[in-house]
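Derivation of every value follows stated rules applied to the coordinates shown; laboratory data play no part. From a predicted model like this one, the values you see are computed outputs, not experimental measurements. Cβ sites come from the backbone with ideal geometry, for glycine too, and all protein chains shown count toward neighbours.
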Amino acid sequence: MALRTNWSEQVCPIARGVDVLGDAWALLILREVFAGNRRFDPIRSDLGISDAVLSRRLAELVDAGLLDKVAYAGSVRPRWEYRLTPSGADTLPVLHAVARWGAGHTTSPDPGRIMTVRCADCGTDARSADWCTGCRRPLTRSNTIWFRARDPRTPISLAE
Ligand SMILES: [Zn+2]
């Protein structure tokens, strides 16, 4: 039985996008993968998510074409990591827009710790979800650096 309405056949692209991205875990899993956290156990630890829910959400993101499930070497039994597909990488401005909205319209328990999105090409801190106001290039995984609110002094390059 479906847990909610299926919007995948709607003509409105917002409805179809929400059908894929409208789950909170999906966006938080994508955040982790962008930040280089690509394996099941560390994602589970960081999100505090159950095995069952994480397994289901990862499978849905793979089925929807946002993540690839790739075996990684150096382990005795098969282990998997998750990598962004081009479709998954295109969610970057969605995450940035959610972050900008969250910073502007919700209350942080620790207002001194903010998330910063920086353009690696020119060093400008972004004031837009999808392009750099300094060099006027699109912000993509290859030229974006995050300073996450939980550790605002540590730069995380989103480039693989
Ligand atoms: Zn720039």
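Once amide H atoms are built 1.01 Å from N in the peptide plane, which residues 5 or more positions from Ala126, or in another chain, come under 5 Å H to H?
The answer is Val117, Arg118, Cys119.
Hey, what number do you get for the chain at 222 nm if only DSSP H runs of n ≥ 4 count, each worth -39500 (n - 2.57), divided across all residues, to the nearest 500? Walk me through the intermediate numbers first.
On the way: 6 runs with 59 residues, N = 160.
So the helix-based figure for the chain works out to -11000 deg cm²/dmol.
Which cysteines in the chain lack any other cysteine whose Cβ sits under 4.7 Å from their own Cβ?
Cys12, each lacking another Cys Cβ under 4.7 Å.
How big is the Cα convex hull of segment 92-157 in projection, averaged over all directions, in nm²?
Average projection, Cα convex hull of segment 92-157: 4.1 nm².
For the chain, what is the convex hull volume of its Cα atoms per residue in Å³?
About 150 Å³ per residue, rounded to a whole number.
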